[in-house]
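K.L.:
Quick one: this structure, given as structure tokens, is what I'll be asking you about.
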Amino acid sequence: DDLSPAETAQFTSAVVGVVTKFGGPTSHTAIVCRQRGIPAIVGVGQLIDQISLGQDLLIDAAESLIVLNADQPQQHIVRTDLSDSQSQIQSEPIIEVLGNAGSTADAEALNQTRASGIGLFRTELLFLNRPVAPSLEEQAALYSRVLESAPGSKVIFRTLDVDSDKALPFISGRHSDLRGWRLHKAAPQILQTQLAAISLAAKSTGKNAAVMAPMISTAHDAGEFAELAKLNGIGDVGVMVETPELASNIEQLAGLVDFVSIGTNDLSRYLFGVDRLASESAELLDGWQPKLLQAIKEITLSAKAISLRVSVCGEAAADPLFAVVLAGLGVDSVSMAGPAIARVAAQLSEISKEKAREVALAALAAADRKAARQLASAKLEQ
Ligand code: PEP
Ligand code: MG
């Protein structure tokens, strides 16, 4: 029926495709599949009953298409190629394109793409099956490997982010229900060890490590996180914008952090009050919802006014047309799973900043998500 991110993270290369009855497109199971280039279609509901054991399927996840009874399907299987198929494109993307990663293998694989670093390293994905908290030494060694194997000169480590579908077994009992800063308040040693480990990794490798905190609700919490990170010797500190409360108070971050990163997956979830894991929520979680576009515009304007860098690391940024809109709204960088980078980087290399602004304005004028996409697409083609 469904798979947990912990199960999905254990897939070997024998798994070439995934179809599940339940689950939403921004669930962490879908995210882990995307990271690994495994075509996945989630939340197909009763349609799954039409598939019988041992049947060959063709799965075209980009088109949400499952072909049953395909003739000689082996002939059609195309493996996801991380390298840029449009290598003739010479120009640079108009904004920075970075990768998302959740394992050392993901970080390494980004070398085959045009990613100029890692915009979101989901550290919790390293520890999904751990009954005992990873030690300072083990974490430092893992983060060093990430820093050494990633492309470019920048890795943004997101501190541990526990969620309903990303439970960490070593955070148990009452604490397992706490997210973001609330967890830190209740169990401060966990974050302290992690920040110390990231700092050690940066020192021993001589690479740049930035950190950002997930699920920050207030500027006060952001300030406390930044202070702790800087006390640990980390110079570049940011917070994710994933709650409507922080989204509407960005100006209060002035002087507290260096950058913000918009998590469209959770920001949509809390703007619309829907469950990320439910396929029934997919429409409201669509990045093209006017309410989300408006929120991204306002966050970006407010952040720029206080000289903060702005990135977008949620799944919406993996859609090349959406990435154009983000560039047009003034976002400085976008990051996405390795397999999505080639198309996004190619699209962002083909247009001017002025054109991106026109595309963004067209999307902002729309009354609903479908019109937003259509208007943006039409403007891009003009
Ligand atoms: C987000 O919420 O958009 C995000 C990038 O974080 P995660 O998907 O890990 O919750
Ligand atoms: Mg999130």
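K.L.:
Between their Cα atoms, which of Lys207/Lys230; Lys304/Lys379; Lys203/Lys230 are more than 20 Å away from each other?
P.N.:
Too far apart for the 20 Å limit: Lys304/Lys379.
K.L.:
Taking the C-alpha atoms of the stretch 152-240, how large are the radius of gyration and the largest Cα-Cα span, Dmax, in Å?
P.N.:
13.1, 40
K.L.:
Let me ask something additional. If you average the sequence gap of Cα pairs under 8 Å that are 6 or more apart and divide by the length of the chain, what percent do you get for the contact order?
P.N.:
Once normalised by length, the contact order is 17 percent.
K.L.:
Ok, one more. Per 0.36 nm of contour for each residue apart, how much would the distance between Glu148 and Glu227 grow if the chain were fully extended, relative to their Cα-Cα spacing?
P.N.:
So the extension gain works out to 25.8 nm.
K.L.:
Next question. Using Cα positions and a limit of under 15 Å, work out the aspartates and glutamates in reach of Lys355, with same-chain residues fewer than 8 apart set aside.
P.N.:
Of all the aspartates and glutamates, those that pass the test against Lys355 - Cα under 15 Å, at least 8 places apart if same chain - are Glu381.
K.L.:
Probe radius 1.4 Å, ligands and nucleic acids ignored: give me the carbon and sulfur share of the accessible area of the stretch 1-59 as a rounded percent.
P.N.:
Ligands and nucleic acids excluded, carbon and sulfur give 54 percent.
K.L.:
Right, something else. Under 15 Å between alpha carbons, and skipping anything fewer than 8 positions from Lys166 in its own chain: which aspartates and glutamates qualify?
P.N.:
Straight-distance partners of Lys166: Asp2, Glu7, Glu124, Asp177, Asp266, Asp275.
K.L.:
On the principal axes of its Cα set, how long, how wide and how thick is the chain? Give whole Å, largest value first.
P.N.:
61, 49, 41
K.L.:
Among the DSSP beta bridges whose two residues both lie in the chain, what percent are antiparallel, rounded to the nearest 5?
P.N.:
15
K.L.:
Hey, another quick one. Antiparallel DSSP bridges in the stretch 229-382: what percent, to the nearest 5?
P.N.:
Here the share of antiparallel DSSP bridges comes out near 0 percent.
K.L.:
Determine the share of the stretch 233-351's accessible area contributed by carbon and sulfur atoms, expressed in whole percent, with a 1.4 angstrom probe.
P.N.:
The computed percentage sits at 49.
K.L.:
Among Val324, Leu200, Val359, which residue has its Cα furthest toward the positive end of the charge dipole of the chain, with +1 on Lys/Arg Cβ and -1 on Asp/Glu Cβ?
P.N.:
Leu200
K.L.:
Right, something else. Counting only heavy atoms of the protein chains, get the accessible area per residue of the chain (1.4 Å probe) and round it to a whole Å² value.
P.N.:
Roughly 44 Å² per residue, with all protein chains present.
K.L.:
Quick check on packing: order 307-313, 189-195, 238-244 by the mean number of other C-beta atoms within 10 Å, highest mean leading.
P.N.:
238-244, 307-313, 189-195
K.L.:
For the stretch 82-228, which whole percent of the accessible surface, found with a 1.4 angstrom probe, sits on carbon and sulfur atoms?
P.N.:
Taking all protein chains in place, the stretch 82-228 shows 52 percent carbon and sulfur surface.
K.L.:
Assign unit charges at the C-beta atoms only (+1 for Lys and Arg, -1 for Asp and Glu), then state the dipole size of the chain relative to its Cα centre in Debye, rounded to the nearest 20.
P.N.:
The dipole of the chain has a size of about 680 debye.
The values are calculated or read from the model by the stated rules, or taken from the named source; none is laboratory data. These numbers were taken from a predicted model, which means no experiment stands behind them. All Cβ positions, glycine included, derive from the backbone under ideal geometry; neighbour counts span all protein chains shown. These area figures cover heavy atoms from the full protein model, side chains too; ligands, DNA and RNA do not enter into them. Shrake-Rupley method; radii C 1.70, N 1.55, O 1.52, S 1.80 Å.
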